[in-house]
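> Here's a structure for you.
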Amino acid sequence: MLGYVIHDETDGSDRMAALARLLAARGLRLGGAVQVNSGTGDCTCDMELSVMGAETAPIRISQALGPGSRGCRLDPDALERAVALALSALAGADLVLVNKFGKQESLGRGFRELIAESLGQGIPVLTAVAPDYLPAFLEFTGGEATLLDWDTAADWCLRPRDAAA
């Protein structure tokens, strides 16, 4: 089972992290990674991923490009470290949350391997997809994904657990 929500850059990260907290409080063992916005970095677009199921500090996946730059950029090596850590912590997960299916995933990198491995093991996956990357996501999934909204995502995530009980 693969579910996804459409998000814009203003709502996806915080809502996925809030959903992760809610699901963990309901007893789900979570895998994957969600963005945590600490606001403690030196750039307004610092991005850190919290890898669920791993006993590590959040991994900064952004890199500042200096005072003349107009923004931060993804550090692809750091993202791949987060993916590898999430893969190694996958055992025993009831559900995998992937913060977003974005540019790296649309190019065949990023969390694609985690999504495929999770589904291959029968672990449901929920991700968020920005409209720009929806065509690549639908191609990757073969159209076999359930479109949700943030209001119904928690119920969808809890459904597999309820059905098994």
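> Which order, highest average first, do 126-136, 140-150 follow once you tally other Cβ atoms within 10 Å for each residue and take the mean per peptide?
Output ranking for 126-136, 140-150: 126-136, 140-150.
> Rolling a 1.4 angstrom probe over the protein heavy atoms, how many square angstrom per residue are accessible across the stretch 46-165?
52
> Using amide H atoms built 1.01 Å from N in the peptide plane, name the residues 5+ places from Met47, or on other chains, whose amide H lies under 5 Å from its own.
For Met47, the qualifying residues are Ile61, Ser62.
> Scan around Val96 for amide H atoms under 5 Å from its own, H built in the peptide plane at 1.01 Å from N, and keep only partners 5 or more places away or cross-chain.
Gly31, Val125, Leu126
> Separate question: Using the Karplus curve 6.51 cos²θ - 1.76 cosθ + 1.60 with θ = phi - 60°, work out ³J(HN,Hα) for each residue of the stretch 53-61 in order, rounded to whole Hz, and write x for Gly and Pro.
x, 10, 8, 9, 5, x, 9, 6, 10
The values are calculated or read from the model by the stated rules, or taken from the named source; none is laboratory data. If you're wondering where the values come from, they're calculated on a predicted model, not measured in any experiment. Glycine also receives a Cβ, built like all others from the backbone with ideal geometry; neighbour counts cover every protein chain displayed. Quick note on the areas: whole protein, heavy atoms, side chains included, nothing else; ligands and nucleic acids left out. Shrake-Rupley method; radii C 1.70, N 1.55, O 1.52, S 1.80 Å.
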